[in-house]
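Student: My questions all concern the structure below.
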Amino acid sequence: GGALENLVVTGGAGFIGSNFVHWVAERHPEVGRITVLDKLTYAGNPANLDGLPEGGVELVVGDICDAALVDRLLAEADACVHFAAESHNDNSIADPAPFLETNVRGTFTLLEACRKYDVRFHHVSTDEVYGDLALDDPARFTEETPYRPSSPYSSTKAASDMLVRAWVRTYGVRATISNCSNNYGPYQHVEKFIPRQITNILCGERPKLYGDGLNVRDWIHTEDHSSAVWEILTRGRVGETYLIGADGERSNIDVLRAILECMGRDTEDFDWVRDRPGHDRRYAIDPTKLRRELGWEPKHTDFSEGLRDTIRWYEEHRAWWEPAKQATEEKYAKMGM
Ligand code: NAD
Ligand code: DAU
């Protein structure tokens, strides 16, 4: 492909999108301009874009469903990396409507502009489109696993993946898709599992574990997600899907006990709460295609070290998360979780 003079990043003020913007701005100065398009929902925070190199990044506050705005921004873009989404399963169970709007209509709106201006598109998706695996199943998800989403969130992400595939085949849009496993690291919203437990402990509240705590997630540091998306964007084959994962399968109860131990608490010092309806049992990614074809390797292979750094980040950034904490816990209290 050609040079990346102007990169549009949707959802670039959220957790993974902002980590990606930092990653690119710090390592790839040849990207002349990064335009972040973000609606700044409850999950978006312009402070996530602080401390970037001068001049290269512009934040446009707006909605990916706004066709006129999207048209104007993509008319000048070489590529669009699409992170914007409603991202939290529990919220999707309480109120699915915004997930349909942003995840489905928003992706459609971006695809239409990419078709019109022949913009290279990378769609950031999730392993949750494949449903779940049993704990004792030796299998992991591959690019060939059939779609079987469980929640309103994952079904809207699956729908968005289908739109991308259809726009590639029918209109020749130059798109790739990645489906990544559970991310952790700095700037993750306090509604998500790891930050919720760390910040509960920092607030003197007990961590909350759903169900029997044996559900397994396949953890990857968000910086490794960024490097994988960059490799796919710049060297991936158009029309292809790549799974992103770093061999990080762990049960929730093991992760929670590791957090408690690292923070000097008793490992039994938490509450069991009601389970998430439809709760997926286990996710697991086989990243062979990404490793073999693009030579990608994760850097953060020591989970305890990554977790320790993440705990330290939340300890040192109270002013970043404290404003969101109370509203988040009020939402959970209403759901009995
Ligand atoms: P997040 O909720 O932290 O951030 C989402 C961002 O999108 C926010 O900044 C929000 O303001 C913005 N946004 C929401 N609706 C918008 C709209 N209509 N128009 C413009 N901007 C809008 O989410 P995240 O965890 O950083 O996830 C980012 C992407 O990565 C999502 O597409 C998600 O499905 C995918 N993903 C997440 C994970 C994970 O572990 N968190 C794993 C795999 C894939
Ligand atoms: O697999 C990728 C997905 O990972 C992404 O597509 C989603 O955007 C992202 O939110 C994440 O989804 P999960 O539902 O796996 O993540 P969450 O952090 O909500 O929960 C992780 C696990 O921890 C899950 O099994 C539910 C459990 N959990 C969660 C919370 C918030 C608890 O036990 N207690 C909690 O308080």
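None of the figures in this text is laboratory data; all of them are computed from the coordinates on show. All values derive from a computational prediction rather than experimental measurement. All Cβ positions, glycine included, derive from the backbone under ideal geometry; neighbour counts span all protein chains shown.
Student: Out of the residues in region 28-50 meeting the condition of being closer than 20 Å to Ala228 by Cα and without any contact (Cβ under 8 Å) to a residue 40 or more places away in the chain, tell me which one is nearest to ligand 2 (Cβ to nearest atom).
Tutor: Val36
Student: If only one of Glu86, Glu58, Glu76 is in a loop (DSSP other than H, G, I, E, B), away from ligand 1 (no atom under 11 Å from the Cβ), under 16 Å from Leu37 (Cα atoms) and of a type in the set (D, E, K, R), which one is it?
Tutor: Glu76
Student: Looking for something under 19 Å from Leu74 (Cβ atoms), crowded, with 17+ Cβ neighbours inside 10 Å and in contact (Cβ under 8 Å) with a residue 24 or more places away in the chain - is there at least one such residue anywhere in region 91-100?
Tutor: No: region 91-100 contains no residue that is under 19 Å from Leu74 (Cβ atoms), crowded, with 17+ Cβ neighbours inside 10 Å and in contact (Cβ under 8 Å) with a residue 24 or more places away in the chain.
Student: Here are some conditions: (1) in contact (Cβ under 8 Å) with a residue 40 or more places away in the chain; (2) farther than 22 Å from Glu231 by Cα. Ala84 meets all but one. Which one does it not meet?
Tutor: (2)
Student: Among the strands (runs of 3 or more DSSP E) lying completely within region 188-286, list those that include at least 3 residues that are buried (at least 19 other Cβ atoms within 10 Å of the Cβ) and touching a residue at least 12 places away in the same chain (Cβ under 8 Å).
Tutor: 216-218, 241-244
Student: Please go through region 144-161 and pick out each residue that is of a type outside the set (Ser, Thr, Tyr) and over 18 Å from the mean Cα position of the chain (by Cα).
Tutor: Once the filter is applied, which keeps residues that are of a type outside the set (Ser, Thr, Tyr) and over 18 Å from the mean Cα position of the chain (by Cα), region 144-161 yields Glu144, Pro146, Arg148.
Student: Pick out the one residue from Asp137, Asp132, Asp127, Asp118 that is of a type in the set (Asp, Glu), away from ligand 1 (no atom under 14 Å from the Cβ) and under 14 Å from Arg217 (Cβ atoms).
Tutor: It is Asp132.
Student: From the residues in region 105-114 that are more than 11 Å from ligand 1 (Cβ to nearest atom) and surrounded by fewer than 21 Cβ atoms within 10 Å (Cβ to Cβ), which one is farthest from Tyr153 (Cα to Cα)?
Tutor: Glu112
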